[in-house]
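All remarks here apply to the structure that follows.
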Amino acid sequence: MLNKTDLLKELGLSDKEVTVFTASLQHGQQTSNVIAKKTNLARSTVGFIFEELIKKGFASKQTKNNSTFYSAINPKHLEHLVLDKIGNAKKLYSDFKETLPFLLSLQNKFSSVPKVRYFEGVEGLCRMLDDFCEKDQTVLYISGHNMMHPKIRKYTYETYLPISNKHINKNKIILNDGKLSREYSKIAKKAYDEFIFVDDKKCRFTLTTAIYGNKVAFWSYDPSDMSGVIIENHLIADNMRNIFGVLKTSFLRN
């Protein structure tokens with residue numbers, strides 16, 4: 001639940017600035033000496049903080065009878081600060097989208113050295129799923145699907161599949177047969193054009209493999225080893241496609 005002062009911190013105020021700002025709202029226009037007593041801060045500190053609040057647009061000051069009085073702005077006027085934040089965020093995102101193609105062009109896409117990324121835990125494996133469906137391309141899976149962690153299964157159904165369902169290129173999967181695998185084939189039929197079920201007594205897949213683009217991924221659902229790796233190398237990816245084809249032909253014959 002949002003703390004009552006969290007918004008002020010999101011707008012750029014420190015803890016002490018929040019303390020002085022809220023005290024000023026409560027006690028109205030006052031000298032730094034009065035607010036210092038109300039907040040148990042040094043008068044010089046309060047004076048300095050008020051000057052910072054003025055720079056940030058949260059306060060104002062007025063001189064009367066050779067004394068300086070400070071007051072917090074009307075909270076309704078904070079809306080423009082929020083709108084500025086939104087505007088800046090949109091501009092940052094726009095700048096990011098404009099710059100991304102240039103940054104991507106700097107990558108050495110033709111290196112023969114495999115690029116390897118490691119992932120751990122539920123969150124890590126979910127990030128791997130994000131990578132699989134980032135582009136509209138066919139993904140070849142070899143999976144012991146029935147062993148999938150419940151949280152990853154939930155993420156697959158609620159996040160991965162809705163994205164994959166919209167892709168023109170459909171996926172293919174070789175997976176161990178079972179109740180959960182059959183259920184998945186019904187729910188995921190928009191994302192796949194081929195399901196090949198394999199009796200786990202004849203061939204049990206202890207890892208799941210994904211082959212897509214110039215990448216190959218291997219990951220485990222074993223609670224004692226929730227880990228995975230994505231290898232980016234076109235030679236490895238092409239070789240794994242050949243292996244997928246051999247497995248497919250073999251299992252269809254049987």
> Counting Lys +1, Arg +1, Asp -1, Glu -1, what net charge surrounds residue 245 among other residues with beta carbon under 14 Å of its beta carbon?
Replying inline: +2
>> Counting C-alpha atoms alone, how compact is the chain: give Rg to one decimal and Dmax as a whole number, in angstrom.
In response: 29.1, 98
> How large is the helix-only mean residue ellipticity at 222 nm for the chain, computed as the sum of -39500 (n - 2.57) over DSSP H runs with n ≥ 4, divided by its residue count, in deg cm²/dmol to the nearest 500?
Replying inline: -14500 deg cm²/dmol
>> Below 8 Å between Cα atoms, with a sequence gap of 6+, how large is the relative contact order for region 9-77 in percent?
In response: 33 percent
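Which links in 56/91; 85/135; 172/215; 90/215; 154/215; 16/90 stretch past 22 Å when you go from one Cα to the other? Kindly include the intermediate steps, with their values, before the conclusion.
Values: 56/91 20 Å; 85/135 31 Å; 172/215 16 Å; 90/215 32 Å; 154/215 24 Å; 16/90 29 Å.
Beyond 22 Å between Cα atoms: 85/135; 90/215; 154/215; 16/90.
Give me 227, 44 sorted ascending by neighbouring Cβ count inside 10 Å, so fewest comes first.
Ordered from fewest to most neighbouring Cβ atoms within 10 Å, 227, 44 come out as 44, 227.
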> Which whole-percent values make up P(r) of region 9-77 when all C-alpha to C-alpha distances are grouped in 5 Å steps starting at zero?
Replying inline: 3, 19, 34, 27, 13, 3, 1, 0
>> Could you tell me which residue out of 11, 45, 69 lies farthest along the dipole of region 9-77 toward its positive end? Charges go on the beta carbon: Lys and Arg +1, Asp and Glu -1, centred on the Cα centre.
In response: 69
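Where Lys and Arg each count +1 and Asp and Glu each count -1, what net charge lies around residue 55 among other residues with Cβ under 14 Å from its Cβ? Display every interim value, and only then the final one.
On the way: positive: 56, 61; negative: 17, 51, 52.
Summing Lys and Arg as +1 and Asp and Glu as -1 gives -1.
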>> Defining a contact as two alpha carbons under 8 Å apart and six or more residues distant in sequence, what relative contact order in percent does the chain show?
In response: 15 percent
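Please compute the volume of the convex hull spanned by the alpha-carbon atoms of region 138-254 and report it per residue in Å³.
Numbers: hull volume 12.2 nm³, N = 117.
Each residue corresponds to 104 Å³ of Cα convex hull volume.
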>> What does the net charge come to around residue 77 if you take all other residues with beta carbon closer than 15 Å to its beta carbon, with K and R at +1 and D and E at -1?
In response: +1
>> Can you list residues from other chains, or at least 5 along the same chain, whose modelled amide H is less than 5 Å from the amide H of residue 226?
In response: 121
> Excluding same-chain residues fewer than 8 positions from residue 201, which lysines have a Cα within less than 18 Å of its Cα?
Replying inline: 179, 248
>> Among 149, 213, 138, which residue has its Cα furthest toward the positive end of the charge dipole of region 115-253, with +1 on Lys/Arg Cβ and -1 on Asp/Glu Cβ?
In response: 138
> If you find the alpha carbon centre of region 232-254 and of region 147-199, how far apart are they in angstrom?
Replying inline: 19 Å
> How big is region 47-165 on each of its three principal axes, counting only the C-alpha atoms and giving the largest first in Å?
Replying inline: 82, 38, 26
> Any idea what the dipole of the chain comes to, in debye rounded to 20, about its Cα centre with Lys/Arg Cβ at +1 and Asp/Glu Cβ at -1?
Replying inline: 400 debye
>> Spelling out what I want: for every residue of region 247-253, take phi, set θ = phi - 60°, compute 6.51 cos²θ - 1.76 cosθ + 1.60 (Karplus), and round to whole Hz; glycine and proline get x.
In response: 4, 4, 4, 5, 5, 5, 5
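Each value in this text was obtained by applying a stated rule to the coordinates, not by laboratory testing. Just so it is clear, the model here is predicted, and its values are computed rather than measured. FYI the Cβ positions are ideal-geometry reconstructions off the backbone, even for glycines, and counts take in every protein chain you see.
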